[in-house]
Amino acid sequence: MIVIDLYDGKKKMKEQSGNKNTQRGKQLLEEAVNVIDERGEHYGPPKENFQRIADFWSVYLKGKLKDGEAITPLDHALMMDLVKTARLMETPQHWDSFLDKCGYAAVAVECFDVD
């Protein structure tokens, strides 16, 4: 079991028992579910929010996109994942970046239909 201690506004991880690698992964995913729910309360359904952001990005990038092209909600999710990856290259143990990557991956699968 992993316990998160809040200290000076930063999260520190302490291992209590069990396989720390498995437990950290489970903790990350459990926390990601809570973040997705909380953000949905603030920003609305993830797919709708990502569409709104993609629409703004398309307007901003209009001169750089080919005619008829637009940024999609899936593009937004994937590009935000890349932002978090770039940040992790500088600070590879930053918990919140991994948490955000989980959230972006979860929302990305909502942006396309799978049979």
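Each reported figure results from applying straightforward, stated rules to the coordinates on display, with no laboratory input. Model, not experiment: these values are computed from the prediction. Here the Cβ is made from the backbone with ideal geometry for all residues, glycine too, and neighbour counts use every protein chain on show.
Structural remarks
- Contacts under 7 angstrom Cβ, first residue in segment 29-51 being on the phi < 0 side of the Ramachandran plot, partner part of a helix (DSSP H, G or I) and surrounded by fewer than 14 Cβ atoms within 10 Å (Cβ to Cβ), 6 or more apart: N49/Y43
- Taken over segment 82-105, the criterion of being surrounded by fewer than 17 Cβ atoms within 10 Å (Cβ to Cβ) and closer than 18 Å to R52 by Cβ is satisfied by V83 alone.
- Annotation note: Cβ proximity below 8 Å between a residue of segment 71-83 that is in contact (Cβ under 8 Å) with a residue 24 or more places away in the chain and a residue that is buried (at least 17 other Cβ atoms within 10 Å of the Cβ) and not in a helix (DSSP H, G or I) (sequence gap 6+ or interchain) occurs for T72/C111; P73/C111; L74/C111; A77/C111.
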